[in-house]
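This report refers to the structure that appears directly beneath it.
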Amino acid sequence: MSVLLCDARGDAIRRRHYIRTLLARQVDGFIILGDRNDLRPSLTRDIPVPVVYVYCESTDPGDLSVLADDEGGARLAAAHLVSLRRKHITHITGPESYRAARDRVTGLTDVLTEHGLTLAGSAPLYGEWSQRWGRQATRMLLAGSPEVDAIFCGNDQIATGVADMLSDLGRNIPDDVAVVGYDNWEIFAADCRPPLTTVDLNLEQLGTTAATHLFAALDGQTRSGVIRQPCRLVVRESTAPPSR
């Protein structure tokens, strides 16, 4: 079995070129990989072989899309913080235009509501997926809501910036403020000080699920709709019950 990889870099012309080239080489099927968990136009009508979409959702409900369950992942993070008796939980995340960011907010706020809590600071702080935004947002947040005792971040880069600023402001992690990231990106999560509790997207399993369904389609067992792959929580040293 051979696997051919092509990177269209978000360019429609480049994508059409790759599709034509791969079809000319008589490939048996396609896995279309997105760069975010958002809706994307279906390409299936242009491809006469089985197609599975992964880390993106086709606009055609007749296609099969395999997604990370961002809402479920956020619920894991929120439930973990609540179990640690954190009462003033807030959220710093990336651009609101990203479906993943919105889904994570939904998962977080649903869990808080179930436990009679509200989001500290009254609203999520949307910004960039960057350490710089994590630092800026933390400074703004604590200036207005010094009671915050837990920060759930939209990704590990933001969380690393949050941890840096908390340290600069003299807040101990996790005694004063617990911090949770998202993605389990090793270069940030493991090297953060302290090492970061975070949500793992199970990307390897996401790929395995997509490939399994592509092989099934090649055998005539087609499926449509959306599969949401569960995430998992990786607990490290940035979360613990409050010290007082």
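Observations, loosely collected:
- Residues of region 164-193 that are more than 18 Å from the chain's Cα centre (by Cα), at pLDDT 95 or above and surrounded by 14 or more Cβ atoms within 10 Å (Cβ to Cβ): Asp164, Met165, Leu166, Leu169, Arg171, Ile173, Pro174, Asp176, Val177, Ala178.
- Selection count where residues are out of contact with any Leu (no Cβ under 8 Å at 6 or more places or on another chain) and either loosely packed, with under 15 Cβ neighbours inside 10 Å or outside the structural domain of Ala216 (by TED's automatic domain parsing) (or both), scope region 24-35: 3
- Some residue of region 13-20 being within 27 Å of Pro174 (Cβ to Cβ) and of a type outside the set (A, V, I, L, M, F, W, C): no
- Selection of region 119-138 for residues being at pLDDT 95 or above and surrounded by fewer than 14 Cβ atoms within 10 Å (Cβ to Cβ) yields only Arg132.
- Selected residue (criterion: farthest from His80 (Cα to Cα)) from residues of region 168-217 that are among the polar types (S, T, N, Q) and assigned to a helix (DSSP H, G or I): Thr212
- One residue alone among Leu196, Leu218 is outside the structural domain of Ala150 (by TED's automatic domain parsing) and either at pLDDT below 95 or not basic (Lys, Arg) (or both), and that residue is Leu218.
The values are calculated or read from the model by the stated rules, or taken from the named source; none is laboratory data. What you see is a predicted model; the values in this text were computed from it and never measured. We place every Cβ from the backbone using ideal geometry, glycine too, and count neighbours over all the protein chains shown.
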